[in-house]
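Every number here is computed from the coordinates shown, using simple stated rules; none is lab data. All figures in this text were calculated on a predicted structure; none of them were measured in a lab. Don't worry about glycine lacking a Cβ; one is built from the backbone with ideal geometry, like all the others, and counts go over all protein chains shown.
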Amino acid sequence: MNTLYFDNNATTQVAQEVIDCMLPYFRDYYGNPSSMHTFGGKVYRKIEEAREKVASLIGADPDEIFFTSCGTESNNTAIMSAIETNPEKKHIITTKVEHPAVLNFCKHLSRKGYQVTYLPVDSKGRLEIESFFRVIDNDLALVSIMYANNETGVIFPIEKIGELLKGRKVIFHTDAVQIVGKLPVNVKNLPVDMLSLSGHKIHAPKGIGALYVRKGTQFYPYIIGGHQENGRRAGTENVAFIIGFGKACEIAAKNIQKEVHFVKQLRDKLENGLLKNCPDASINGDTENRLPNTSNMSFEFVEGEAILLRLDEYGICASSGSACTSGSLEPSHVLRAMGVRNTAIHGSVRFSLSRYNQEKEIDKVIEVMPEIIKDLRLISPFGRERRIEKGCTS
Ligand code: PLP
């Protein structure tokens, strides 16, 4: 059975070009980039080339980028650096809908005595920016706000927030893991001090990330040891993965305009088909301002997990923000923060696309989904409630 993969916000297929350019760095060029010999020096130069490619994708200078093990480490590093370099300040502002890589780290810091403000979102998942003014104070060390939400794809007004912080001695970090490579990002026009990236969301392998730190920003390393990465992240470099990440960024930069159009058109076809053919279906999140590859839909009165299991029988991979499949038993904190009805939260499914999806895969989902939803409504307790609501007794 073919796999029809619609879970690209969870992780992506590694591009063949990426694999090809990584292999020699396991097999042939295994030198340590810090070594004095020519063999190591060759590897060092390749890492610098990869750094240039990552930097170029977001309009940064290469020396503003260092490599980490993942987006989570980049986020943790940015937050720790901000509080280490501002030890007298104890206030952090973030949002209610961050990825756990920020949210749980902030919860950890609040147990250590930091005051954390979680900004709300509205029913479309948009940041309530007015609430931001009210919470800025002189104790503020850090604002960490994601650029695009992983569950809904909703994009936050990072430029506007940066403008509001102008003139204040506050570090502004954005978790850009989901947007980089999917839409153009240019730090030259983006008033952030730090920005997190992750390789496996853009067709590089899992286990490689990067942090952008704007020139002049005070920085304190999170992983302390050797002098690697200019003293900003110790540990012998993950050479092959760094080179693969560089390649993935190069490909993304070259194709971004074309791919935005391609995935958006497939995503819109998928949504229109499902909205038309499945009763009580709706889209979660601001459809005006979201990632082109992401669709978060609710099929009310059924459980998202049951939908996923039935889709899985056709080889279709999607995800649900609501429970076990996302590794947690809690309903999605993002949809809850948006005030989505419980019956809709439980019936939510996220489809996230990539350049490797095809139109015939979309057709397959549109074909099988109405039957799946109909079947599940007959057996689900939510479905029974709905039939009673609508006056059906059978
Ligand atoms: N931030 C966001 C918005 C994400 O979606 C993810 C992963 O899903 C991460 C951070 C964590 O990235 P990584 O898996 O590379 O640690």
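Start at zero, step by 10 Å, and the Cα-Cα distances of segment 78-227 spread as 11, 43, 37, 9, 0 percent across the bins. Peptides 161-170, 4-13 ranked from most to least packed give 4-13, 161-170, packing being the mean of other C-beta atoms within 10 angstrom over each peptide's residues.
The ranking of 81, 131 from fewest to most other beta carbons within 10 Å of each one's beta carbon is 131, 81. Could you tell me whether segment 1-114 comes out rounded, prolate or oblate from its Cα gyration tensor? Rule is a ≥ b ≥ c as square roots of the eigenvalues, rounded for a/c under 1.5, then prolate if a/b exceeds b/c, otherwise oblate. Oblate shape, in that a/c is at least 1.5 and b/c is the bigger or equal ratio.
Taking the Cα centre of the chain as reference, the dipole from Cβ charges on Lys and Arg (+1) and Asp and Glu (-1) amounts to some 360 debye.
From helices alone, the chain scores -12500 deg cm²/dmol at 222 nm; the rule is -39500 (n - 2.57) for each run of n ≥ 4 DSSP H residues, then divide by the residue total.
Per residue, the convex hull spanned by the alpha carbons of the chain comes to 142 Å³. Using the Cα gyration tensor of segment 115-198, with a ≥ b ≥ c the square roots of its eigenvalues, what is the shape: rounded (a/c below 1.5), prolate (a/b larger than b/c) or oblate (neither)? In terms of gyration-tensor shape, oblate.
Expressed as a fraction of 2.2 N^0.38 Å, the value expected for a compact globular protein of N residues, the C-alpha radius of gyration of segment 49-153 is 1.18. Note on residue 107: lysines with a C-alpha under 24 Å away, same-chain residues under 8 apart excluded, are 89, 90, 96, 169. If you run the Gaussian network model on the chain, springs between alpha carbon atoms under 10 Å, then out of 123, 198, 34 the most flexible one is 34. Here segment 16-254 carries DSSP beta bridges of which approximately 40% are antiparallel, counting only pairs with both residues inside. For residue 182, the lysines whose Cα falls under 20 Å of its own Cα, not counting residues fewer than eight places away in the same chain, are 53, 201, 206, 247, 254, 258, 264, 269. Placing unit charges on the Cβ atoms of the charged side chains and taking the dipole of segment 256-389 about its Cα centre, the candidate lying farthest along the positive direction among 314, 370, 270 is 270.
How about residue 42: which aspartates and glutamates have a C-alpha closer than 12 Å to its C-alpha, ignoring those fewer than 8 places off in the same chain? Hits, sequence-local ones excluded: 28. Under the criterion of Cα pairs below 8 Å and six or more residues apart, the relative contact order for segment 256-389 equals 32 percent. When the chain is described by a simple charge dipole with +1 on each Lys and Arg Cβ and -1 on each Asp and Glu Cβ, the residue from 208, 34, 255 located farthest towards its positive end is 34.
Put simply, the Cα atoms of segment 256-389 extend 47, 31, 27 Å along their principal axes, the longest span coming first.
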